[in-house]
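Structure record follows, encoded as structure tokens.
The values are calculated or read from the model by the stated rules, or taken from the named source; none is laboratory data. In this text, all values refer to a predicted model and were calculated from it rather than measured experimentally. Cβ sites come from the backbone with ideal geometry, for glycine too, and all protein chains shown count toward neighbours. The protein model used for the area step is the full one, side chains on, heavy atoms only, and it has no ligands, DNA or RNA in it. Shrake-Rupley method; radii C 1.70, N 1.55, O 1.52, S 1.80 Å.
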Amino acid sequence: MAIIEGRDHQGEHAAPAPALPTELHTTKPVNYVWATARIAIGWVFLWAFADKLFGLGFATPGKRAWINGGSPTTGFLKGTADHTFGGFFSGLAGQGWADWLFMIGLAGIGAALILGAGVRIAAVTGGALLVLMWAAELPLANNPFVDEHLIYAIVLAGLALANAGDTVGIGRWWGNTDLVRRYPILK
């Protein structure tokens with residue numbers, strides 16, 4: 001029986017076709033763009049963690065690695081002394097609790113983004129970390145207001161809103177667990 005504009009071949013109203021479950025819908029190309037952005041930003045966080053932990057020689061020389069007794073917060077935060085909030089941020093440099101929070105944050109945010117699970121929490125905590133790093137550098141050297149920290153924070157918000165962990169990640173599975181159904185912020 002052919003259905004044309006809501007009527008069957010006899011001219012009577014036909015019931016609309018049932019919607020397909022979301023699992024059967026094909027993934028839109030934009031979802032792959034969000035997934036790629038999620039994995040790339042996750043790598044930025046995870047790489048910063050690894051470089052500061054082991055002193056891989058990119059931003060952190062081996063002698064200043066955390067495993068060699070260096071402080072992962074000292075280099076950046078001491079460099080903010082001449083900035084607007086320099087007194088506050090440079091006072092945090094090298095403090096054990098700040099080092100631990102920073103490194104746990106880098107590792108956790110990076111892992112969550114790469115895996116696609118916990119993207120909402122990663123977006124909130126990563127966004128907060130990035131906004132703090134932005135504030136530490138005020139006034140900015142190359143732009144009166146916007147730098148890469150704010151751009152990354154905006155993209156993190158987009159990742160959470162787009163459920164970017166569901167494509168090329170374990171987000172869909174993670175979102176269906178009892179824990180996440182009970183506490184949706186964990187998605």
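With every protein chain kept in the model, how would you rank VAL146, VAL30 by accessible area, 1.4 Å probe, largest at the top?
From most accessible down to least: VAL30, VAL146.
Label ASP178 and PHE145 with points 7 Å out from Cα along Cα→Cβ: what is the distance between them in nm?
4.9 nm
Hey, can you find the accessible area per residue of the chain for me, probe 1.4 Å, expressed in square angstrom?
The answer is 61 Å² per residue.
Could I have the simple spin-label model distance between VAL44 and VAL124, label points 7 Å from Cα toward Cβ, reported in nm to one decimal?
Calculated label separation equals 2.1 nm.
Rounded to the nearest Å, what's the spacing between the alpha carbon centres of segment 74-90 and segment 115-187? Just the number, please.
Using only Cα atoms, the two centres lie 25 Å from each other.
Can you order the peptides 109-121, 31-43, 80-92, 159-171 by their average number of other Cβ atoms within 10 Å per residue, highest first?
Result, highest mean Cβ count within 10 Å first: 109-121, 159-171, 31-43, 80-92.
Which of rounded, prolate, oblate describes segment 30-145, given a ≥ b ≥ c as roots of the alpha-carbon gyration tensor eigenvalues and a/c under 1.5 marking rounded, otherwise prolate only if a/b is larger than b/c?
Judged from the Cα gyration tensor, segment 30-145 comes out oblate (a/c at least 1.5, b/c at or above a/b).
Using the Kirkwood radius built from alpha carbon pairs, what does the Stokes-Einstein equation give as D for segment 58-104 at 4 °C and 1.567 mPa s, in µm² per second?
119 µm²/s
Using a 1.4 angstrom probe on heavy atoms only, work out the carbon and sulfur share of the accessible area of the chain in %.
Within the chain, the accessible surface is 67 percent carbon and sulfur.
Based on alpha-carbon positions alone, could you give the equivalent ellipsoid semi-axes of segment 21-97 from the gyration tensor, as √(5λ), descending, whole Å?
37, 17, 10
Just check segment 82-153 against the gyration tensor rule for me: Cα atoms, a ≥ b ≥ c as the square roots of the eigenvalues, rounded for a/c under 1.5, and otherwise prolate or oblate depending on whether a/b exceeds b/c.
oblate
Two decimals is fine: what's Rg over Rh for segment 113-187, C-alpha atoms, Kirkwood radius as Rh?
1.11
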